[in-house]
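Reading through the structure tokens given below for one structure.
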Amino acid sequence: AAVGAYDESSGWMSHAGPQPPHHQLQSSDVFCSVPGRLSLLSSTSKYKVTVAEVQRRLQPPECLNASLLGGVLRRAKSKNGGRLLRDKLEKIGLNLPAGRRKAANVTLLTSLVEGEAIHLARDFAYLCDTEFPAKPLADWVARQHAAAAASQPSAEAAGQGQAGNNSDHLSRKNMLLATKQIMKEFQDILSQDRSPLGNTRPNPILDSALQRPLTNFSLITHGFGTPTVLGAVAAINNYLNEQLKTLDKLYGGGSTKTSSYHKPASSLHSPAVDSAPTPNSTSANRNMRPTPTNDIDMISPNEPSKFLQTENEATHN
């Protein structure tokens, strides 16, 4: 389908009408390839930028001007740079008016193409999975709670002895399980985000009242936002699991299985979240760092592909 206009009510691109053959271009076609901004000099990856991605930068919520779009696409500044970029965009049916003002505040994420933003989100999720100190933090907090409960027992617990300790244990455990329930509900909603990304336009699952603001968040962060939040939520969930295990050890209740938590019946299964490896599981897991591939659905429910070059395709300085 030819490149079209942005539908603000739904957060999706609409298709343009018939155009001359030399203007006909698919949204999934590659507009250009740009070098990454965050790579080390010895290994600079190049990321494919699709026509659809360029259009997302021109449409709300960002509405980038020629200068900012040229910076995102790593175009060298020149006297006629803006006009040359507008001419190239016009040839593929995209309009970039001269003198337009940007609609959103510029952040560091504004400078990243979607491929690199997803790469950054993947690395962040990997570090949350392998390096976040969920176990030591959970152990310390659980032991502090146990010590406080033992030093200041309630009058009822003091007369119950071991039963009072079990009461404290169950109370704390129920609080942790309730927190896990709320976090899982939040995780399930984010896992159903179907914002357009790369060369994909997945069918929405959530109600438009939820998908529209999630799409806006994805557009303003260039795809970095939701996967990163999911990585942080997974780290919090592992912290809660470790606390449950430590509490059971302290109170002699045995190991706590994560299956003690039941997913809400309304939740949809998301391989992107449920199949993620548990952090701090083995030392070998630390060596299993994900390499940039076209399959970035391990941290995103979407399935964008063919816009992030692998390291084998990357250029090296």
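The values are calculated or read from the model by the stated rules, or taken from the named source; none is laboratory data. What you see is a predicted model; the values in this text were computed from it and never measured. Neighbour counts are summed over all protein chains in view; Cβ atoms, including those assigned to glycine, are modelled from backbone coordinates with ideal geometry. What goes into the accessible areas is simple: the full protein's heavy atoms, side chains included, and nothing from ligands, DNA or RNA. Shrake-Rupley method; radii C 1.70, N 1.55, O 1.52, S 1.80 Å.
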Notebook entry, point to check: Within the set of pairs 6+ apart or on separate chains, which have a first residue in region 97-117 that is farther than 15 Å from P35 by Cβ, a second that is surrounded by 14 or more Cβ atoms within 10 Å (Cβ to Cβ) and of a type in the set (S, T, Y), and C-beta atoms under 7 Å apart?
Noted result: L109/T221
Next item on the list: May I ask you to list the residues in region 169-200 that are hydrophobic (A, V, I, L, M, F, W, C) and either free of Cβ contacts under 8 Å to residues at least 24 places away in the same chain or surrounded by fewer than 18 Cβ atoms within 10 Å (Cβ to Cβ) (or both)?
Entry: L170, M175, L177, A178, I182, M183, F186, I189
Notebook entry, point to check: Say we look at region 201-222 and pick out the residues that are open to solvent by less than 30 Å² (accessible area, probe 1.4 Å) and not in a loop (DSSP other than H, G, I, E, B); which of these is farthest from G115 (Cα to Cα)?
Noted result: Q211
Checklist line | Members of region 224-252 that are over 14 Å from V141 (Cβ atoms), part of a helix (DSSP H, G or I) and either among the aromatic types (F, W, Y) or under 19 Å from the mean Cα position of the chain (by Cα) (or both) | finding: G225, T226, P227, T228, V229, L230, G231, A232, V233, A234, A235, N237
Item checked: Looking only at region 22-59, and only at residues there that are in a strand (DSSP E or B) and in contact with a helix residue (DSSP H, G or I) (Cβ under 6 Å, 6 or more places away or on another chain), the one that is surrounded by the fewest Cβ atoms within 10 Å (Cβ to Cβ) -> F31
Notebook entry, point to check: Which of the residues spanning region 69-81 are within 28 Å of the chain's Cα centre (by Cα) and open to solvent by 50 Å² or more (accessible area, probe 1.4 Å)?
Noted result: R74, R75
Notebook entry, point to check: Out of region 122-162, which residues are modelled with pLDDT under 90, of a type in the set (S, T, Y) and part of a helix (DSSP H, G or I)?
Noted result: S151
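Condition check ((1) within 29 Å of G231 (Cα to Cα); (2) in a helix (DSSP H, G or I); (3) among the polar types (S, T, N, Q)) across all residues:
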position: L89; (1), (2), (3): no, yes, no
position: R101; (1), (2), (3): no, no, no
position: A104; (1), (2), (3): yes, no, no
position: L120; (1), (2), (3): yes, yes, no
Check: What is the one condition in (1) outside any loop (DSSP other than H, G, I, E, B); (2) open to solvent by less than 20 Å² (accessible area, probe 1.4 Å) that E62 does not satisfy?
Finding: (1)
Next item on the list: Within region 82-96, track down each residue that is without any contact (Cβ under 8 Å) to a residue 24 or more places away in the chain and surrounded by 12 or more Cβ atoms within 10 Å (Cβ to Cβ).
Entry: G82, R83, L84, L85, R86, K88, E90
